[in-house]
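A short worksheet on the structure shown next.
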Amino acid sequence: MSKEEAVYIISVAAELAGIHPQTLRIYERRGLLSPYRTPGGTRRYSEEDLERLSAIQALTAAGINLEGVKRILQLEGAVEALQGQLDQIKKQLAAARADAAESLSSLPDILRPTIQQMLEE
């Protein structure tokens, strides 16, 4: 996160989230938040941090303790990373299929339908 994105000081972030600044400090100590720190050590929160706070509040309101919230957020991050990898693999597969389909034109007519069917599976 860049310092341009992290614009809210702790009191403003807490007010926007509707919680006490000490709660933000607790969340940070528990590893739920990692606000940007200025060279002087001041915490700065971004819109992304505020969205994460909203998710934390929703999960705790549903009765999940902070360790459970932390694990859920970690798993959500892992799912997002895996989804990105899957999307990349799908793009590579589509490109490989397109290349293979293009190569079909050089095959003898007798082989083309069989290989075309294999590419479509």
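Report whether or not I64 is in contact with a helix residue (DSSP H, G or I) (Cβ under 8 Å, 6 or more places away or on another chain), part of a helix (DSSP H, G or I), at pLDDT 95 or above and not polar (S, T, N, Q). Spelling it out, it is not the case that I64 is in contact with a helix residue (DSSP H, G or I) (Cβ under 8 Å, 6 or more places away or on another chain), part of a helix (DSSP H, G or I), at pLDDT 95 or above and not polar (S, T, N, Q).
If the condition is being assigned to a loop (DSSP other than H, G, I, E, B) and either farther than 25 Å from I72 by Cα or modelled with pLDDT of 95 or more (or both), then the range 4-18 contributes E4, I9.
Test of understanding: among A61, A6, which residue is in contact with an Asp or Glu (Cβ under 9 Å, 6 or more places away or on another chain) and not hydroxyl-bearing (S, T, Y)?
A6
Only one entry in A55, A14, A6 is in contact with a His (Cβ under 9 Å, 6 or more places away or on another chain), surrounded by 12 or more Cβ atoms within 10 Å (Cβ to Cβ) and aliphatic (A, V, I, L, M), namely A14. In this entry, L32 is excluded by the filter for residues that are under 20 Å from the mean Cα position of the chain (by Cα) and surrounded by fewer than 17 Cβ atoms within 10 Å (Cβ to Cβ). Figure legend. Inter-residue proximity from the range 45-73: first residues farther than 14 Å from A14 by Cβ, second residues surrounded by 13 or more Cβ atoms within 10 Å (Cβ to Cβ) and polar (S, T, N, Q), beta-carbon distance below 8 Å, spacing 6+ or different chains. Indicated pairs: L66/T60; V69/T60.
G77 - would you say it is in a loop (DSSP other than H, G, I, E, B) and over 21 Å from G18 (Cβ atoms)? Lay out the reasoning, then the answer.
Details: in a loop (DSSP other than H, G, I, E, B): no; over 21 Å from G18 (Cβ atoms): yes.
Judged against the criteria, G77 is not a match.
Is it true that R97 is over 18 Å from the mean Cα position of the chain (by Cα) and farther than 25 Å from E5 by Cα?
Details: over 18 Å from the mean Cα position of the chain (by Cα): yes; farther than 25 Å from E5 by Cα: yes.
When the stated conditions are applied, R97 passes them.
When the range 35-52 is filtered for residues that are surrounded by 15 or more Cβ atoms within 10 Å (Cβ to Cβ), outside any helix (DSSP H, G or I) and of a type outside the set (S, T, Y), the ones remaining, listed by number, are P35, R43, R44.
The values are calculated or read from the model by the stated rules, or taken from the named source; none is laboratory data. Bear in mind that the values here come from a model prediction, so they are computed numbers and not experimental data. In this analysis, Cβ positions are derived from the backbone assuming ideal geometry, glycine residues included, and neighbour counts consider all displayed protein chains.
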